[in-house]
1. Would you check which residues across the stretch A:128-156 are more than 14 Å from chain B (Cβ to nearest Cβ) and among the β-branched types (Val, Ile, Thr) and list them?
2. May I ask you to list pairs of residues, at least six apart or on different chains, whose Cβ atoms are under 7 Å apart, with the first in the stretch B:70-98 being in contact (Cβ under 8 Å) with a residue 60 or more places away in the chain and the second being buried (at least 18 other Cβ atoms within 10 Å of the Cβ)?
3. Of the conditions (1) within 14 Å of chain B (Cβ to nearest Cβ); (2) surrounded by fewer than 18 Cβ atoms within 10 Å (Cβ to Cβ), residue A:94 fails just one. Which one is it?
4. Run down B:15, B:10 and say which single residue is at pLDDT 85 or above, assigned to a helix (DSSP H, G or I) and in contact with a Gly (Cβ under 9 Å, 6 or more places away or on another chain).
5. Within the set of pairs 6+ apart or on separate chains, which have a first residue in the stretch B:2-13 that is touching a residue at least 12 places away in the same chain (Cβ under 8 Å), a second that is aromatic (Phe, Trp, Tyr) and surrounded by 10 or more Cβ atoms within 10 Å (Cβ to Cβ), and C-beta atoms under 8 Å apart?
6. Select, from A:149, A:198, the only residue that is under 20 Å from residue A:99 (Cα atoms) and not small (Gly, Ala, Ser).
7. Which condition breaks for residue B:129 when tested against (1) among the small types (Gly, Ala, Ser); (2) touching a residue at least 40 places away in the same chain (Cβ under 8 Å); (3) within 14 Å of chain A (Cβ to nearest Cβ)?
8. Tell me yes or no: at least one residue of the stretch A:128-136 is buried (at least 16 other Cβ atoms within 10 Å of the Cβ), modelled with pLDDT of 85 or more, closer than 18 Å to residue A:104 by Cβ and of a type in the set (Gly, Ala, Ser).
Amino acid sequence: MGQIFFSQLSQLMPVLPLISIIITADLVSGEFYNRTAIVLYSNINRNTFIRAKIEFLVVSLVIYVSLLWISLIIATSILFHAVISFNHLITGYVLVFTLMLFYVSFSFLLSSLTQNTFVAFLVPFFYIYFSDFFIALDMELLSYNYYRDTVFSFFKDISIHSNCTINDFPLLVFSLFMYFGLPIILFIVMYFEFKKIDIRV
Amino acid sequence: MSRKITQQEFIILFFSITSIALLLIPFPKTIIYSAEGISIVTPGNYSRDEFILPWRSYDQQIDLNLTLVYGNLSLFIIDREAFSKWHQDPDFQTYYQIENITDTLILSIQFNPPIAQSMHILYIPSEDSSFYRELKITYTFFHSNYGFFFLSIALIVGGRYGYVKIKNR
């Protein structure tokens, strides 16, 4: 059952980050486009503002991934007459949530830096679908998809087979660090960049 | 008079230094193909090991420990071009070849292919043969792709920085 669950997840992989980009791309730039930024940022503390935005994003992702999981559970029970084990559900939930958090933070950062919705949408969009280009050029460490695949195969082996053969331990540790740490790093960078935004633009 | 370094200058410096380091510092690499049981090959077939050498790699060395259980083998080390010609042209160019191996072979050879490419080690039997092998490939290489990628970022950001400076002068 775990095998089917993870294969279903891998089929969803190209689509999932797209939704996180759509909800994030105009989160900051939209306010500049609508000319509401100057009113909002001069009346409300920026720390409060950014905290509210991050909370909104995290809650949106939790709701979105939870709904996705409920539909997956229902679909699996109808199609395969089977129940996905709790371990697989939790592992998959954390991995998918982190994946979407990365693209949210990436798009959010670009939205803050450029104040342009088009850039905040297009750059992560191309990064999702063309980051395998880095793998083809032997620059796999620049591809988040590479870390995703390494981390997914590691957790898949652990949760399905209960054992895992690690060929390159330092690479696995680095992949884990990048997969879970990069969204946090991007949020921190974005936090400081957000404070520097010139609201008179 | 000291001046605080700007964020843009820091990015240019960071990417320039990183790219120069990646382009100039050689990194050693070792790939080990462990013995994975006994291989059995029959005449007309062959067994093959493939590995890829990156561009700007030097001091390539192959350490092979081949033990023949029974039979008779020939061993060829060839590049991608020779491998594609191999079936049609019997006079293909090899980096190393040894024929009629009937016992244990411990081999350590150094070679220097002119360009980056995949290399093949062919084990071709002249009679029913069985063998196992341990293979170690070592080489020194430069992370050229990363280096040029970071250099291009430094040049783009630096170019923009210079353009703005000149424009505002």
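1. A:128, A:150, A:151
2. As it stands, the answer is B:70/B:129; B:71/B:125; B:71/B:129, since those pairs meet every condition given.
3. Condition not satisfied by residue A:94: (1).
4. The unique qualifying residue is B:15.
5. Close Cβ pairs satisfying both conditions: B:8/B:161; B:9/B:161; B:12/B:161.
6. Unique residue meeting the criteria: A:149.
7. Here residue B:129 meets the rest and fails (3).
8. Looking only at the stretch A:128-136, we keep the residues that are buried (at least 16 other Cβ atoms within 10 Å of the Cβ), and these are A:128, A:131, A:134.
Checking the rest, the ones that are also modelled with pLDDT of 85 or more come to A:128, A:134.
Remaining after also requiring closer than 18 Å to residue A:104 by Cβ: A:128.
If we keep only those that are of a type in the set (Gly, Ala, Ser) as well, we get none.
No: zero hits.
The values are calculated or read from the model by the stated rules, or taken from the named source; none is laboratory data. Bear in mind that the values here come from a model prediction, so they are computed numbers and not experimental data. Cβ atoms come from the backbone with ideal geometry, glycine included; neighbour counts cover every protein chain shown.
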